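The values are calculated or read from the model by the stated rules, or taken from the named source; none is laboratory data. Owing to the predicted nature of the structure, the values given are computational and were not obtained by experimental measurement. When we count neighbours, we look across all protein chains shown, and the Cβ atoms used for this are built from the backbone with ideal geometry, even at glycine. Protein only, heavy atoms only, side chains kept; ligands, DNA and RNA dropped before computing areas. Shrake-Rupley method; radii C 1.70, N 1.55, O 1.52, S 1.80 Å.
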Amino acid sequence: MKPLGRVYLIAILIFLYTPILVMMAMGFNASPLYELPFSFSVRWYQALWNNSVLLTAGLNSIIIASITAVLATALGTMASVALSRRTFRGKSFLQLMLLPPIAIPWLITGTAMLIFFYWSGIGRGMHALLIGHVALAIPYVVLVVGTGFRTIRSDLEEAAMSLGSTPVHAFFSVTLPLLYPSILGAALFAFAVSLDQFVISYFLATPGYTTLPVQIYSSIRKGFTPEINAISTVLLLGSMTIILIFARFAKPGDTRDKR
């Protein structure tokens, strides 16, 4: 069964990564029409370097993703602390209500945000994008940090307080250092969610301010050029790096008690 399982896993990986590898390879093909035989060239990366529209959209995406990671991690971590360490009426209902925003299709979420922002006077633009991205990333942060809380023994804080530490000092000196990998993983996850976000950005971006996924979509509608392959490769490598760092620090599936 082991060889069969190995072949199955290899087939799954080939199915997942073949389109991506073809896209990355075509970013280095000199032909603008993807003609074969393959002729190696970096002309599309040079053209991308001079494409101010794509580069500006990419910078906007990085700025929004960075701010989103900071805000969503701070807000989500505080919510996770309250849900994991406090007991209050309606706690189970609040925990349950964190899951629907993850399961609801982003198209519906984006439509709802667009209507609400117009109704409330918030409008569209960078501030609306930040609000939308942070709202979208908070449930993921709460889940990741909450999972980290389950691996930390609560009696460690109680032991620190029995030795004279205040609850705040016990949290920052005992719990927070143990929770640090989960918080870092949650921040990286929020950054990746925001960086790759298209639907929310498409609804809330203005004509003068857009993000990279929206700009790529607009460029494809006018004609697919290999510059799209080049910027997609850069975005893909950045996202994969973030996810690998997240997996390294968050250690999903590790349920051992941290001492």
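Data overview
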read-out: Farthest positive-ward along the chain dipole, Cα basis, beta-carbon charges - from Gln46, Ser154, Leu9; value: Ser154
read-out: Rough spin-label spacing in nm, given labels placed 7 Å along Cα→Cβ, for Trp49 and Thr206; value: 3.3
read-out: Reciprocal mean inverse distance between Cα atoms of the stretch 1-129 - Kirkwood radius, Å; value: 20.4
read-out: Most mobile listed residue (Tyr118, Tyr45, Tyr217) in the chain, GNM with C-alpha springs under 10 Å; value: Tyr118
read-out: Rounded percent of accessible protein surface that carbon and sulfur make up, the chain, 1.4 Å probe; value: 72
read-out: Cβ-Cβ FRET estimate between Leu96 and Ser120, R0 fixed at 22 Å, reported to 0.05; value: 0.25
read-out: Per-residue SASA entry for Asp196, accessible area with 1.4 Å probe, Å² rounded to 10; value: 80
read-out: Test item: Cα-centred dipole of the chain, Lys/Arg +1 and Asp/Glu -1 on Cβ, debye; value: 460
read-out: Probe 1.4 Å, accessible area per residue of the chain, Å²; value: 59
